[in-house]
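Colleague: Before I ask anything, let me first share the structure, which is written out below as structure tokens.
The values are calculated or read from the model by the stated rules, or taken from the named source; none is laboratory data. As the structure is a computational prediction, the values presented were derived from the model and not from experiment. Note that each Cβ is placed from the backbone with ideal geometry, even for glycine, and that neighbours are counted across all protein chains shown.
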Amino acid sequence: MRHPFPLLYLTLFLTGNAIAQDAREKKEVIQVAQQFFDALEKGDSLAFRSVFLKNAFNYYVTEEKDSVRTGSQSPFQARFSSNRIIKERMRESGVSIHVHERIATAWIPYDLWVNDIYSHCGVDVFTLLKTREGWKIASLAFSMEKHNCK
């Protein structure tokens, strides 16, 4: 009679490795998002551009009075100014990271200040692809909300 234990141990071992790998990948995705926030705050255009794929695109949505405004642009069009310091901070709750092989999404609620004055809140939704150089942002869609910011 064969014991099922070796198969059970192998299954638990492989499952444990998959969970550890998933946690490591999620941590790397969060680190890329944090690099994005850090580069934005420092006004470091080289660091900012380094987290994006060369053909990445940004999209936004915001409500203004009775209308909704949307837009898009290449992140490489971003202009940094020493007169304007942007601080974007991830919220502690509501962050959700999903990874499958070489594609990931990061749903990150945020708050944003311009020159230490609170501007707005919203959600950043990063789509990332894992390249030979690591995770890179393929697209960023974000909301800009003036109301309901906690």
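Colleague: For Met1, only one of the following conditions fails: (1) assigned to a loop (DSSP other than H, G, I, E, B); (2) among the hydrophobic types (A, V, I, L, M, F, W, C); (3) at pLDDT 95 or above. What is its number?
Modeller: (3) is the only condition that Met1 fails.
Colleague: Moving on to the next point. Looking at (1) without any contact (Cβ under 8 Å) to a residue 40 or more places away in the chain; (2) farther than 28 Å from Asn148 by Cα, which is the only condition Phe52 fails?
Modeller: (1)
Colleague: Next question. So which residues in the range 84-118 are of a type in the set (S, T, N, Q) and touching a residue at least 24 places away in the same chain (Cβ under 8 Å), if there are any at all?
Modeller: Of everything in the range 84-118, just one residue is of a type in the set (S, T, N, Q) and touching a residue at least 24 places away in the same chain (Cβ under 8 Å), namely Asn115.
Colleague: Same structure again: Could you check Pro75 against (1) at pLDDT 95 or above; (2) within 13 Å of Ser139 (Cα to Cα); (3) surrounded by 14 or more Cβ atoms within 10 Å (Cβ to Cβ) and say which number it fails?
Modeller: The single condition Pro75 does not satisfy is (1).
Colleague: Turning to a different aspect of this structure: Restricting to the range 86-109, and then to whatever is touching a helix residue (DSSP H, G or I) at 6+ places or on another chain (Cβ under 8 Å) and not charged (D, E, K, R), can you tell me which residue is farthest from Ala138 (Cα to Cα)? Even if it seems obvious, please write down each step before you answer.
Modeller: At the first step, the residues of the range 86-109 found to be touching a helix residue (DSSP H, G or I) at 6+ places or on another chain (Cβ under 8 Å) are 86-90, 95, 97, 99, 104, 106, 108.
Right, trim to not charged (D, E, K, R) and you get 86, 90, 95, 97, 99, 104, 106, 108.
Details: Ile86: 22, Met90: 19, Val95: 19, Ile97: 15, Val99: 14, Ala104: 10, Ala106: 12, Ile108: 16 Å.
Applying the filter and picking the extreme gives Ile86.
Colleague: Do you know which of the residues in the range 96-111 that are among the hydrophobic types (A, V, I, L, M, F, W, C) and surrounded by fewer than 20 Cβ atoms within 10 Å (Cβ to Cβ) is farthest from Thr62 (Cα to Cα)?
Modeller: We begin by selecting, within the range 96-111, every residue among the hydrophobic types (A, V, I, L, M, F, W, C); these are 97, 99, 103-104, 106-108.
Narrowing the set further to residues that are surrounded by fewer than 20 Cβ atoms within 10 Å (Cβ to Cβ) leaves 103, 107.
Values: Ile103: 27, Trp107: 17 Å.
Within the range 96-111, the match that is farthest from Thr62 (Cα to Cα) is Ile103.
Colleague: So, one more: Of the residues that make up the range 33-46, is at least one touching a Gly at 6+ places or on another chain (Cβ under 8 Å) and either modelled with pLDDT of 95 or more or within 26 Å of Met144 (Cβ to Cβ) (or both)?
Modeller: Let us first name the residues in the range 33-46 that are touching a Gly at 6+ places or on another chain (Cβ under 8 Å), namely none.
No, the conditions are met nowhere in the range 33-46.
Colleague: Let me ask you something else. State all residues of the range 121-150 that are out of contact with any Asp or Glu (no Cβ under 6 Å at 6 or more places or on another chain), hydrophobic (A, V, I, L, M, F, W, C), free of Cβ contacts under 8 Å to residues at least 60 places away in the same chain and in a strand (DSSP E or B); if no residue qualifies, say none.
Modeller: Selection gives Val123, Val125.
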